[in-house]
Amino acid sequence: MKPYKLVVPQNWAELERLEQTRVIIKGGPTSGHYGHLGRPGQVGGSQEGSLRSSRIINPKYLQTKKWKQLTSEFSQSNSKELEEIIKWNRIPSNHLLGLTKITPNYHPDSESDGGYGNANAHYHNYDQSIHLNVNNNGLTGATFTHELGHHVDKHLTKAKNIIQRRIINESYHTIRDRLRANIRRWQANGQIGPNGEGFSAKSNNYLSKFGLRLYSLTNSKEFTADAYKVSRFNEVSIAAGSGSPPAAKGLQKIFDKSATDIHNRNWYNRNKPINLISIRDMFTLRHT
């Protein structure tokens, strides 16, 4: 088997470019890099692993009948693309737990209350399925990780993940408030025209510091999905040896401020240590 190429991205733009080329970093299915289970009583090799594990998904799972059923509507070439996206983005096994289908097709309910998304791609909340609409949007890691972020968000509402959910919600409102403050400052400096010219460019430039976009502020669900996407890029960068990219560091500062604010509002536990959660752990699922 041809070994995977080790690539060290130098900046956020380089990460995005590499993601588009589906370059896989650091080791393949036999390297042990993925943190999957070994074979009991054996030396080397691996089991398929469990989707309840928080470790990086074992590539062997992507060859199982269960995975083929989950992605049965994909063509062979698109199926390979999706597998590379999952390996490239270092998706933890339990982030796929509960998904009933991943399809390249458009979902007719994508504009309704049945899920989160738009005409390009869609996570259907009721049956926990991802619809990527490949013909319209192409098959990209950015799109997949955003829609998978909605699925992870659904499971963050469970009791063992409640503090993460609270920090993310707080961060969403913090960034919205900061953006409003920036807009007022831009208006005061005459940097926005009388009809709002330049608003989107200025706002997007501010949000890009956190790896976000204006669409991220549609609601807290979209914010969470995009924050999840940033967390996956962060894992790629760290695994490649280049450390956290600036956008992940910026978002981490927002998470830290939110955790501190939540702590300070709760008078009954102010004497306890503040529960700061790293962006690497913010989307760790603890299934009951």
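Since every read-out is calculated from the coordinates, none of them should be taken as a lab result. No experiment lies behind these values; they were computed from the predicted model shown. With ideal geometry, Cβ positions are generated from the backbone for all residues, glycine too; neighbour counts draw on all protein chains shown.
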- Can you list the lysines whose alpha carbon is less than 30 Å from that of K66, not counting same-chain residues fewer than 8 positions off? K2, K5, K26, K80, K87, K101, K154, K158, K160, K221, K229
- Message: Multiplying the sequence separation of L276 and R213 by 0.36 nm and subtracting their Cα-Cα distance, what value in nm do you get?
- Response: 20.2 nm
- Might you report the magnitude of the Cβ-based charge dipole of the range 202-288 about its Cα centre, with Lys and Arg at +1 and Asp and Glu at -1, to the nearest 20 debye? 160 debye
- Message: Once you order the gyration tensor axes a ≥ b ≥ c over the Cα atoms, which shape class does the range 124-223 get: rounded for a/c under 1.5, otherwise prolate or oblate by comparing a/b with b/c?
- Response: oblate
- Query: If one computes the Cα centroid of the range 232-281 and of the range 119-145, what distance in Å separates the two points?
  - Reply: 28 Å
- Query: In square nanometres, what is one fourth of the surface area of the convex hull spanned by the alpha carbons of the range 160-269?
  - Reply: 8.7 nm²
